[in-house]
Amino acid sequence: MTMTADPQPTFGSGGAEPYARALRREGRLQLVRSDAPDVADLAAADLDAFDVARWSRGADVADLSTILDASSVLDIGCGPARMVRAAVDRGLGALGVDVSVTAVAMAVDAGLPVVAGSVFDALPGEGTWDVALLLDGNIGIGGDPTALVARASSVVAPSGSVVVETATDPAVDVAYDAQVVDEQGRASATFPWAEVGREALGRHAAAAGLRVSQTWSVGRRTFCRLVRAS
Ligand SMILES: C[S@@+](CC[C@H](N)C(=O)[O-])C[C@H]1O[C@@H](n2cnc3c(N)ncnc32)[C@H](O)[C@@H]1O
């Protein structure tokens, strides 16, 4: 199998590569709709930000709640792979997949099992994973949540599940073109993205032949488990 980085612009890639820079320096990033009035001004605005430093730290209690009962874990859009490390440390089978060359290099340098490529490429262990993760807003990958949960479901075993971290607003269900902007105003290329709350996720799950079997929150973060509907 040949794994190559996805040539399509995706989270934080292209342009001034703010995601790769932030990973190396552990900065903060903002996700902004590309139809926002002036992307350059948004770096100074008081918007919700991705704390890339959190992704480079160890998994926290909320993160760990997603793999408590797992026997093996595939982390989709794993970044520097804190969830892969957590799974490996617990003796679980684990693999991360990410299109970011920088994130994958950091994970591989740390000795973690991570492959470079898109979730939509062929992946090792297709159809055998116990739990596939879509955390940290990764339900947005590709901008088509129904297609993404269908794809994530296809990589788990028939008895497996997909754990999705949902948006804070349970009703939100939006897809849009976005850019990532760092604290210096450096913007990525435009890429398709989406945000989905827990109520809306049920509709995407149903459209993909899945159902929500469990919903839980830890602090401000909410997670849903998707399983095959029949
Ligand atoms: C919001 S960040 C989440 C970071 C990550 N969960 C972590 O712990 O660092 C989105 C991640 O998804 C990755 N990504 C975007 N499109 C992808 C795709 N099609 N397949 C796999 N990973 C993708 C990005 O490179 C980025 O690392």
Expected max-MSF residue from ALA103, ALA86, ALA94 in the GNM of the chain (alpha carbon, under 10 Å) is ALA86
Given 9-20, 204-215, 123-134, the highest-first ranking by average Cβ count within 10 Å works out to 9-20, 123-134, 204-215
Zone reached by a paramagnetic label modelled 7 Å from ALA171 Cα along Cα→Cβ, restricted to the range 184-216 with backbone N below 16 Å, covers 196-203
At R0 = 30 Å the Cβ-Cβ FRET efficiency linking ALA110 and GLN214, nearest 0.05, sits at 0.45
About its Cα centre, the range 95-228 carries a charge dipole, from +1 on Lys and Arg Cβ atoms and -1 on Asp and Glu Cβ atoms, whose size in debye to the nearest 20 is 480 debye
Lys and Arg at +1, Asp and Glu at -1: neighbours of ASP109 with Cβ under 13 Å from its Cβ sum to +2
Ranking VAL218, GLY160, LEU95 by how far each Cα lies towards the positive end of the charge dipole of the chain (+1 on Lys and Arg Cβ, -1 on Asp and Glu Cβ), the top one is GLY160
Per GNM of the chain with C-alpha springs under 10 angstrom, the most fluctuating residue out of GLY185, GLY111, GLY96 is GLY111
Computed for the chain: size of charge dipole around the Cα centre, +1 on C-beta of each Lys and Arg, -1 on C-beta of each Asp and Glu, debye to nearest 20, value 560 debye
So for the range 74-187, using the alpha carbon gyration tensor with a ≥ b ≥ c as root eigenvalues (a/c under 1.5 gives rounded; past that, a/b versus b/c decides prolate or oblate), I'd call it oblate
Counting all Cα-Cα pairs in the chain, those more than 33 Å apart amount in percent to 10 percent
Heads up, the range 177-224 by the C-alpha gyration tensor (a ≥ b ≥ c square roots of eigenvalues; a/c under 1.5 rounded, else a/b over b/c prolate, else oblate) looks oblate
Summing +1 per Lys or Arg and -1 per Asp or Glu among the other residues with Cβ less than 11 Å from VAL163's Cβ gives -4
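No lab work stands behind these numbers, since they all come straight from the coordinates. Since the structure is predicted, the reported quantities are computational estimates derived from the model, not experimental observations. All Cβ positions, glycine included, derive from the backbone under ideal geometry; neighbour counts span all protein chains shown.
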